[in-house]
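Q: Input: one structure, supplied below.
The values are calculated or read from the model by the stated rules, or taken from the named source; none is laboratory data. For clarity, every value in this text was computed on a predicted model and none was experimentally measured. Heads up, the Cβs are rebuilt from the backbone with ideal geometry, glycines too, and the neighbour counts pull from every protein chain shown.
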Amino acid sequence: MQTPVPWFDPETAMLEERVAATELAWLTLDVDVATLRVEIDNFALVHHQRLGPLYARLDELEALVAEARAARTGDPEDLRRAAEARQVVAELPDLDALFDSVRQAERQSPDERRAPAEPEPVRRVRPGKEAQRLYRELARAAHPDLAQDPAEQERRSVFIARANEAYGRGDAEALRALAEEWSTAPEAAPLPGAPERGEWLHQRLAWLTARIGELAAERVRLESTAMGSLLVMAPGDPEQLLAELADQLLAGAAERQRELEGLLGAPAPNGGRGRHNGAAVPPRPEPGQETPSMFQQIPTAPVETVPAEAVLIDVREQDEWDAGHAAGALHIPMSQFTARLDELPDAPLYVVCRVGGRSAQVVQYLVANGREAFNVDGGMFAWEQAGRPLVSGSGAEAFVL
C-alpha cells in the first residue's frame with residue numbers, strides 16, 4: 001500500500017516563506033545595528049582621546065585672544081566677550097567625565113534625553129493582579145524543569161530570570177512583552193502540519209515586523225547622534241576623518257595663536273616700552289604654545305623680585321581668589337577692571353593671575369594708559385612654588401585654584 005503524500009496548504013507554505021525571509025531580514029538588521037553601536041562607541045573613544053585636547057586648546061586660545069583684545073581697547077563689550085570666553089574655559093568639565101556623559105547620552109533616545117530625571121518608583125510588596133497573572137502563565141509555560149535537553153533548560157532559565165526581574169518591579173507591561181516573545185519564539189513553534197501552525201506563523205510574522213521597525217528606528221537614532229553623524233560622513237575610512245578634523249583644529253589653533261601674538265606684540269598706542277630692574281623687555285613674544293614666555297614683551301617681574309610692600313593686583317575670579325591669594329593683595333577681577341580703575345593706588349602696580357595670561361593683558365592696558373605696571377611672571381602658581389605666603393578667603397588651608 002502506497003503511503004499518502006502529506007497535503008500542505010499553499011497559503012501556509014507562502015506564510016512559511018515570508019516568516020523565513022523576515023527572520024533573515026531581522027537577524028541581518030540586528031547585527032548591523034549592534035555593529036553600528038560598537039563602531040560609534042569606539043569612534044567616540046578615539047575622537048575623545050585624539051581631539052579632546054585640541055578642542056580644549058582652541059577654547060583656551062579663543063579666551064586669550066578675547067582677553068588680549070579687551071585689555072587693549074578697554075571697550076565694555078570686548079570685556080564682556082572676554083569674560084564669557086573665559087567662563088567657557090572655566091566651566092569645561094574633566095574630559096573623561098565629559099566623554100562618559102556623552103557616551104551615556106548617545107545611548108539614550110531623544111525622549112529619554114528630554115525627559116527630566118525621575119526617582120525610581122517605590123516597589124510594592126506584592127505586584128498587581130495583572131502582573132501576578134502574567135508571571136504565573138510565564139512560569140507554567142517556560143519553567144526549566146519542563147525541558148529535558150540541557151541547552152533548552154539553560155535557555156528557559158535565562159528567560160525565567162528576565163521574568164523574575166520584571167515581576168520584582170511589578171512591571172506588567174514588561175511581562176506582557178515577555179509573554180509575546182515566548183509565544184512567538186521558534187522553540188515554541190507547533191510542528192509543520194499542526195492545526196495551530198498557521199496562527200503561530202501569523203504571530204511570529206507580526207512580532208518580527210515589529211522588531212524590524214524598532215531596529216530601524218534605533219539605527220536612525222544612532223546615525224543622528226553627534227558621533228554617529230560624523231561616522232556616517234566617512235563610513236569606509238573613519239581614521240582619515242579623524243585626521244582631517246585634527247588638521248582643521250590645528251589650523252584653527254595656529255590662526256588664533258598668530259592673532260594672539262599679533263595683539264600682544266603690537267606696540268602700545270603711546271609707543272611705550274616697559275622695563276623692570278633695568279632690563280629692557282623684548283618687543284616680540286617667543287613662538288610656540290601659550291606659556292609665560294609669550295608675554296615677554298609685557299613689563300615683567302619674577303616673583304622673587306616683587307617687593308613685600310608692593311601693590312599686588314589679583315585679577316582672577318572670585319572662586320580662585322577664595323581658594324588662595326597673596327596676603328595684602330587687592331582683588332579686582334579682569335572682567336571688572338576698567339570699571340574699578342579709581343581703586344588703583346598711585347604707585348607701581350604688580351598684576352597677577354593664575355599663570356600670567358590674564359595679568360599680561362591687564363598690564364598691557366595699564367602701560368598703554370601711562371601707568372607703571374608689571375606682570376608677575378608665572379602667576380600664582382609661581383608665587384606658590386617660590387614659597388611666598390598664601391591665605392584663603394575661608395581661613396582653610398590656601399591653595400592655587
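Q: Modelled with pLDDT under 85 and in contact with a Leu (Cβ under 9 Å, 6 or more places away or on another chain): which single residue out of ARG140, ARG136, ARG162 fits that description?
A: ARG140
Q: Also: List the pairs whose first member sits in the range 232-254 and is free of Cβ contacts under 8 Å to residues at least 24 places away in the same chain, whose second member is surrounded by 13 or more Cβ atoms within 10 Å (Cβ to Cβ) and part of a loop (DSSP other than H, G, I, E, B), and whose Cβ atoms are under 8 Å apart, counting only residues at least 6 apart or on separate chains?
A: Sorted first by the residue in the range 232-254, then by its partner, the pairs are GLN240/ALA234; LEU241/ALA234.
Q: Looking at (1) assigned to a loop (DSSP other than H, G, I, E, B); (2) out of contact with any helix residue (DSSP H, G or I) (no Cβ under 8 Å at 6 or more places or on another chain); (3) at pLDDT 80 or above, which is the one condition that is false for ASP319?
A: For ASP319, the failing item is (1).
Q: Just for helices (runs of 4 or more DSSP H) wholly inside the range 47-130: which have at least 3 residues that are modelled with pLDDT of 80 or more and either surrounded by 13 or more Cβ atoms within 10 Å (Cβ to Cβ) or of a type in the set (Asp, Glu) (or both)?
A: Ranges flagged: 76-90.
Q: Considering each of VAL355, VAL367 in turn, give the residue that is farther than 24 Å from VAL89 by Cβ and touching a Gly at 6+ places or on another chain (Cβ under 6 Å).
A: None of the other options fit; the residue is VAL367.
Q: Out of the residues in the range 339-365 that are touching a residue at least 60 places away in the same chain (Cβ under 8 Å) and within 14 Å of ARG316 (Cα to Cα), state the one that is surrounded by the fewest Cβ atoms within 10 Å (Cβ to Cβ).
A: This residue is VAL355.
Q: Please go through (1) assigned to a helix (DSSP H, G or I); (2) in contact (Cβ under 8 Å) with a residue 40 or more places away in the chain for ARG162 and return the number of the only condition it doesn't satisfy.
A: Unmet condition: (2).
Q: State whether the residues of the range 198-206 include one that is surrounded by 13 or more Cβ atoms within 10 Å (Cβ to Cβ) and over 26 Å from GLU17 (Cα atoms).
A: no
Q: Considering only the range 366-391, how many residues are of a type in the set (S, T, N, Q) and surrounded by 15 or more Cβ atoms within 10 Å (Cβ to Cβ)?
A: The qualifying residues number 2.
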